[in-house]
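Comments concern the structure below.
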Amino acid sequence: MRFKFWLAMPRSWSLLGILLLTLGLAPQAIAQEEDELPARPSCNRILPEETVLYFRIRSIPDMVDLYRKNGLDKMMEDERLSNLWGDLYKEVQTEYDAQVKGELDDLELEQFQDLFVGEMCFALVAKRRQPMEGVMIVDVKPETDTVDRLFGVAQRRLEEDGRPVETDTEDEVEINIIRTGEDRDIFYFRQQDTLYFATNRDLCAEMIANLKGKPLEKTRTFFENRKYRTIMGQCRVDKDHPPMATFFIDPIELFKAASRGEPFAAVATGFFPILGIDGLLGVGGAVLPGDKDFASMSHMHLLMASPREGLLKAISFRSGEFELPLSVPEDVGVFMATSFDVPRLYSGIETIYNAFNGEGSFAELVDRGSEEIGFDIKTDLIDLLTGTVMFLNWGDKESMAFNGASNGYFIELNDAEKFQETLQILLDRIQDESGEESDENFSKVKKNGQEYWIAEVARRGMESSREWRRSQLEEMEDAEERARRQRGLDFEEKFTRSPVPSFGFLENQFVITDSTELMDHLIDSLQGKSASLNESEHYSDLREKAEFLLGGKQPAGIMYNRPINQLSSLWNAITNKDTIEMMQDGVKEQPFLSRLVDAYARNQLPPLDEMSQYFRTSGAIMTDDATGLHFLIFEMNNKPIEK
């Protein structure tokens, strides 16, 4: 089923980019004085109970102010950056004035901020056995005529297209109707300083009734939705702690509504109980304002039925300390760790497979696979896993590639020596399948006495692809096009990284990386030749604050994020002279983009290490309880907690 919640109208393609840049670059956001909503109920008391997707920002100016206080303002005040923002904004202003302003009743660019002065909400509603409908609610600035002038422009264009705006009335409220000629028409009305849009007239009637405190018969508001209320309670949202933003998704009902009428839908939903997926009741979260200890705090909760069944029962997490391996370097950008209950996961997959294929069929499948591959999958592989897995992302400070950040994956083992024997059997089998005459698929190398493997087959594949593309250039007759593509290939080789998988054993961890540089760096960290994350004050501070938030409990997962460490290679690439020249060459026939790139070229970004004060360390913890999985994401104030 196709859903179209927009009105197709002739517009300048520049408008969207100009509006986005206006919100990001404008000197000031308009403040909202009132912290409550005295003029009307909040969106969750206006929408129907059957809302299946909901995203709400309580106050856009307050949300912008939160991020500005958390470093954006200081960054904008930095003279080395403020000149760049100023030049970019001037170019946007010039383009708007030349291309768009006349089409929009001579509205000034700054006036578009009048459209975003308070609450904004988007929702999808799925009434029983009815098509899914869309709703948008947005507060506008009362003292200006910006909205009226924009609606005037839209109405004139609709009349020119032979589709004048129609009107209707519901309980003395005028409803405007735009006939789109598509699956959905657009209905909207205004109450005081708030605009309400919907793709169904009955939705407008229900919202008007809720606004007036006279709910229609047999209807309830979204605020009374049990799943939504449970999730918001888990996210510590109440009237005394109003969130900056909230979201909610009912994944099962959303899927049913979106696929209603499709042949596969009934079959798919029929499998949900077998797989246990119907136990995923909802997903939601909230962004809360910061306090003396945290710059910001966000919650997300996956609400699950209890007891869990099927996949939800199988995928369970174990709480623990999550001690860091020494091989995790201090300069990682992201580090995450969690632990699965491997026996429970294996048993759960076996139960689900047998439900589809008959009792004992999974054991037979594993036996056949073990015989084929040359080792016992259960004993020589699965039973060797502790369940703890880790991930890290590392930005290579020496790299000039846009994608220079590398990824590493850690799998903790009960018996690393036995696992290595299993791995060798697998590698030998892969080589045998390739044939005796083939090149070696995996080569073993040493770094400071530590062995690991490199996937030569991946390296050869990428080198072969580049050679083929260069050979195609020689056959091109158009010299100008050949030169252009040659520059593109040269740029790609200099500023993009081709992943080369490598893997090996570091203590009791089986480690996989997508670059040899990262593997070498991990070995240096393990051997004490470079600092380990265990030695980082930022990481120690994060663990201390996580323990404070957990109140004595242990997490089922942790995350550490140091953005400044992720950006190294990207920063090198975007500040490189060749990159800027390539950008200028690529947009020279597009005046607006060309001026933006020239503005960037005039205002060179400072070295990344001089920008560290603007980037905060953040973290997250995951807990697993009877209600589901809960994620707490926090941005640190970089100062000790007051206990």
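The values are calculated or read from the model by the stated rules, or taken from the named source; none is laboratory data. Just so it is clear, the model here is predicted, and its values are computed rather than measured. Virtual Cβ from ideal backbone geometry, glycine too; neighbours counted across all protein chains shown. Ligands, DNA and RNA are stripped out before the accessible areas are found, and what is left, the full protein with its side chains, is counted by its heavy atoms. Shrake-Rupley method; radii C 1.70, N 1.55, O 1.52, S 1.80 Å.
Rounded to whole Å, the principal axis extents of the Cα atoms in the stretch 92-190 read 50, 34, 28, largest first.
For the stretch 295-443, which whole-number percentage of the solvent-accessible area (1.4 Å probe, protein heavy atoms only) is attributable to carbon and sulfur atoms? Carbon and sulfur: 53 percent of the exposed surface of the stretch 295-443.
Here the simple spin-label model places points 7 Å from the Cα toward Cβ, and for Q130 and E433 these points are separated by 5.4 nm. What the pair-distance distribution of the stretch 269-314 shows, using all Cα-Cα distances binned every 10 Å from zero, is 25, 33, 20, 17, 5 percent.
Shape summary of the stretch 128-247, radius of gyration then Dmax from alpha carbon positions: 17.0, 52 Å. For K227, the lysines whose Cα comes closer than 22 Å to its Cα, not counting residues fewer than 8 places off in the same chain, are K127, K218, K239, K256, K313.
Once you reduce the stretch 407-460 and the stretch 337-364 to the center of their Cα atoms, the two points are 28 Å from each other. In the chain, the ratio of gyration radius to Kirkwood radius, Rg to Rh, stands at 0.99 when only Cα atoms are counted. Near A531, the amide H atoms lying under 5 Å from its own belong to E330; only residues 5 or more places off or on other chains count, and H is placed 1.01 Å from N. Taking a sphere under 13 Å around the Cβ of D341 and counting the other residues whose Cβ falls inside, with K and R at +1 and D and E at -1, yields a net charge of +3.
The length gained by stretching the chain between R459 and D578 to full extension, at 0.36 nm per residue less their Cα-Cα distance, is 40.3 nm.
Put a dot 7 Å past the Cα of E474, heading toward its Cβ, do the same for E217, and the two dots end up 8.4 nm apart. Rolling a 1.4 Å probe across the protein heavy atoms gives the chain an accessible surface of 51 Å² per residue.
Calculated FRET efficiency, T94 and I177, Cβ-Cβ r, R0 45 Å, to nearest 0.05? That pair, T94 with I177, gives E of 0.75.
Taking amide H as placed 1.01 Å from N in the peptide plane, I175 has its amide H under 5 Å from the amide H of D168, T169, E170, each at least 5 places away in sequence or on another chain. Binning the alpha carbon pair distances of the stretch 403-458 at 10 angstrom intervals from zero yields the distribution 17, 43, 32, 7, expressed in whole percent. Take the Kirkwood radius over Cα pairs of the stretch 597-641, plug it into Stokes-Einstein at 25 °C and 0.890 mPa s, and you get 170 µm²/s for translational diffusion. With all protein chains in place and ligands, DNA and RNA left out, the 1.4 Å accessible area ranks R184, R466, R484, R226 as R226, R484, R466, R184, largest first. Between beta-carbons, use under 11 Å as the cut-off and find the net charge around R179, counting Lys and Arg +1, Asp and Glu -1. Overall, the nearby charge balance is -2.
Think of it this way: in the chain, C204, C235 stand alone, with no other Cys Cβ under 4.7 Å. Rolling a 1.4 Å probe across all protein chains gives K588 an accessible area of roughly 130 Å². Note on the stretch 300-441: Rg/Rh from Cα positions, Kirkwood definition for Rh, rounded to two decimals, is 1.04.
Computed over the stretch 186-314, the Cα gyration tensor eigenvalues convert (square root of 5λ each) into semi-axes of 29, 26, 13 Å, ordered from largest to smallest. Using only alpha-carbon positions in the stretch 128-177, the gyration tensor eigenvalues give semi-axes of 23, 18, 13 Å once each is multiplied by 5 and square-rooted (largest first). Once the Cα-Cα distance is subtracted from the 0.36 nm per residue extended length, the T496 to T351 segment shows a gain of 47.7 nm. Spin-label model, F402/R484: points 7 Å from Cα along the beta carbon direction are separated by 1.7 nm. Residue by residue, the stretch 534-540 carries 3J(HN,Hα) couplings of 4, 8, 7, 5, 5, 5, 4 Hz when phi is fed to the Karplus relation 6.51 cos²θ - 1.76 cosθ + 1.60 (θ = phi - 60°); x denotes Gly or Pro.
Straight Cα distances below 17 angstrom link K292 to the lysines K69, K545, K639, K643, with same-chain residues fewer than 8 positions distant left out. Residues whose amide H falls under 5 Å from that of M244, counting only those 5 or more places apart or on a different chain, are V287, L288, with hydrogens built in the peptide plane. Each other residue within a Cβ distance under 12 Å of Q527 adds +1 if Lys or Arg and -1 if Asp or Glu, for a net charge of -1. Computed from phi, the 3J(HN,Hα) profile of the stretch 323-328 under the Karplus parametrisation 6.51, -1.76, 1.60 (θ = phi - 60°) reads 5, 6, x, 5, 6, 7 Hz, with x in place of Gly and Pro. Measuring with a 1.4 angstrom probe and ignoring ligands and nucleic acids, R470 comes out at about 70 Å² accessible. Let me make sure I get this right: for the stretch 548-636, a, b and c are the square roots of the gyration tensor eigenvalues over alpha carbons, sorted descending. Under 1.5 in a/c it's rounded, otherwise prolate if a/b > b/c, else oblate. Which is it? Cα axes put the stretch 548-636 in the prolate bin. For the stretch 175-226, the Cα gyration tensor yields ellipsoid semi-axes of 22, 14, 9 Å (square root of five times each eigenvalue, largest first, whole Å).
When you count the other C-beta atoms within 10 angstrom of each residue and take the mean per peptide, 271-278, 601-608, 408-415 line up highest first as 408-415, 271-278, 601-608. Stretching the chain fully between L605 and L254 yields a gain of 121.9 nm (0.36 nm per residue, less the alpha carbon separation). Computed over the stretch 102-141, the range of Cα coordinates on each principal axis works out to 46, 24, 10 Å, biggest value leading. As a fraction of the 1.4 Å probe accessible area of the stretch 205-267, surface on carbon and sulfur atoms comes out at 56 percent.
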